[in-house]
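Asker: Let me begin by handing over the structure; questions about it come next.
The values are calculated or read from the model by the stated rules, or taken from the named source; none is laboratory data. Quantities reported herein were computed from a predicted structural model and do not represent experimental measurements. Because the Cβ atoms are built from the backbone with ideal geometry, glycine has one as well, and the counts that use them run over all protein chains shown.
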Amino acid sequence: MNKRQSILTLFLFLSAIIHVYADESGKDFILVIDAGHGGTDSGALGKKSKEKDINFAVAKLVGNYISKEFEDVKIVYTRDKDIKIALRERTDIANKVKANLFISIHSNASKNRSVNGAEVYILGLHRTKENLAVAQRENSVILMEDNYKEKYQGYDPNSPESGIIYELMQEKYMQQSLEFAAMVQKELVTTAKRKDRGVNQAGFWILVGASMPAILIELDFISHRESEKFLASKMGQEKMAVAITNAFSKYKKTLDYKKKRNVLLQEKERNRDNDPIEIVYKVQIFASSQKLSQNSKYLKGYEAQFYVENNLYKYTYGESSDWDEISKIRKSLLKDFQDAFIVKFENGVKVPIK
């Protein structure tokens, strides 16, 4: 099979596993939190700690913090203990529960032990060699799975070509993923005081099948001595969890505001269509190119109202929805305004009298 055929096969396979779910009215917001690695898959190793343990601790804290703040948010964990779960199964879980958001939590590593800092990823092409290296490391756990060639349709985690179709896979959720990723990255820098490595795109398999906005967080580098101490400490894990929770809170409140605004707009539009037409008749007594004061001699002591039409201030007196009543008012005004006549308004807009 040539390269083009391989890419086409992979694209068709990925397209087949993605299902788009509608957001049901009144449904709880479902957040899936994925603690990266687990079980026999330890992830990156530090001097004294394992990535899988750090990821799990932070994931549980995030879930607890968000549950306390939002009663309408349901938390689903891809793993609630130290077990190994295939990459594909993690997003399958999110799709099955029709999640509104997917967060995968990881800790980074590098052969260069001086490198440190936090970064957040969304699905996309590898923009740099560094992004490719991070994605390849996270995707390499596929090789640990039984029958991975059949399960992932020949996908090669070490091949750059395998990422060529990534940007097509989550296009529907790209903007929301990017917005949330930026919120998380900002909080990791300001709240958790991590070095800013930015928001990036790369071909993480864990994000490929997600039918919702999805991000992958690299908390910091477990290969960096000081960063490992922070990541492995209770205080560090709490700060990381607070940072992610703060970002989620902003994201969720923004969504709630937009949803509420849309409901109000729709309700207003429906009411506008269903509202009965309000008809009001008035007697026009005078017109002027300039606005008059209430004690103007031209108004002859009448407390008149005005509307503007064709650059003229047009003054009226009296109003009624009953034609007979407004006719009597007009008749009483003729002694002071010989040219007084009746005008008609529908919902505040002047219309011709037929």
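Asker: Between a residue in the stretch 276-292 that is assigned by TED's automatic domain parsing to the domain that holds L333 and any residue that is buried (at least 21 other Cβ atoms within 10 Å of the Cβ) and among the aliphatic types (A, V, I, L, M), which pairs come within a Cβ distance under 9 Å, given they are 6 or more apart or on different chains?
Answerer: Every condition considered, the pairs that remain are I285/A304; F286/A304; L292/A304.
Asker: Here is a further query. Of the residues R261, R270, which is surrounded by fewer than 11 Cβ atoms within 10 Å (Cβ to Cβ), within 28 Å of the chain's Cα centre (by Cα) and closer than 27 Å to I103 by Cβ?
Answerer: Within the list R261, R270, the selection yields R261.
Asker: In the list F286, F204, which residue meets the criterion of being among the aromatic types (F, W, Y) and under 31 Å from the mean Cα position of the chain (by Cα)?
Answerer: F204
Asker: Search the stretch 220-238 for residues being surrounded by fewer than 20 Cβ atoms within 10 Å (Cβ to Cβ) and either touching a residue at least 24 places away in the same chain (Cβ under 8 Å) or touching a strand residue (DSSP E or B) at 6+ places or on another chain (Cβ under 6 Å) (or both), and hand back the single one that is farthest from S49 (Cα to Cα).
Answerer: My answer is E238.
Asker: Being in contact with a Ser or Thr (Cβ under 9 Å, 6 or more places away or on another chain), without any contact (Cβ under 8 Å) to a residue 60 or more places away in the chain and either assigned by TED's automatic domain parsing to the domain that holds Q290 or over 17 Å from Q305 (Cα atoms) (or both), is that true of even one residue in the stretch 329-340?
Answerer: yes
Asker: Moving to a separate point now. What residue, of E267, E346, is without any contact (Cβ under 8 Å) to a residue 40 or more places away in the chain and of a type in the set (D, E)?
Answerer: Of the residues listed, the single one that is without any contact (Cβ under 8 Å) to a residue 40 or more places away in the chain and of a type in the set (D, E) is E267.
Asker: Moving on. Which members of the stretch 64-90 meet the condition of being under 18 Å from G39 (Cα atoms), in contact with a Ser or Thr (Cβ under 9 Å, 6 or more places away or on another chain) and in a helix (DSSP H, G or I)?
Answerer: E89, R90
Asker: Residue check: is Q201 touching a residue at least 12 places away in the same chain (Cβ under 8 Å), within 26 Å of K98 (Cα to Cα) and not in a strand (DSSP E or B)?
Answerer: No, not satisfied.
Asker: Helices (runs of 4 or more DSSP H) wholly in the stretch 216-334 with at least 1 residues that are closer than 27 Å to I122 by Cα - which ones?
Answerer: 225-232, 234-274
Asker: Determine, yes or no, whether A192 is aliphatic (A, V, I, L, M) and assigned to a helix (DSSP H, G or I).
Answerer: no
Asker: I would also like to ask the following. Given the residues Y281, Y307, which is the only one that is out of contact with any helix residue (DSSP H, G or I) (no Cβ under 6 Å at 6 or more places or on another chain), over 30 Å from S177 (Cα atoms), modelled with pLDDT of 90 or more and surrounded by 15 or more Cβ atoms within 10 Å (Cβ to Cβ)?
Answerer: So the residue among Y281, Y307 that is out of contact with any helix residue (DSSP H, G or I) (no Cβ under 6 Å at 6 or more places or on another chain), over 30 Å from S177 (Cα atoms), modelled with pLDDT of 90 or more and surrounded by 15 or more Cβ atoms within 10 Å (Cβ to Cβ) is Y307.
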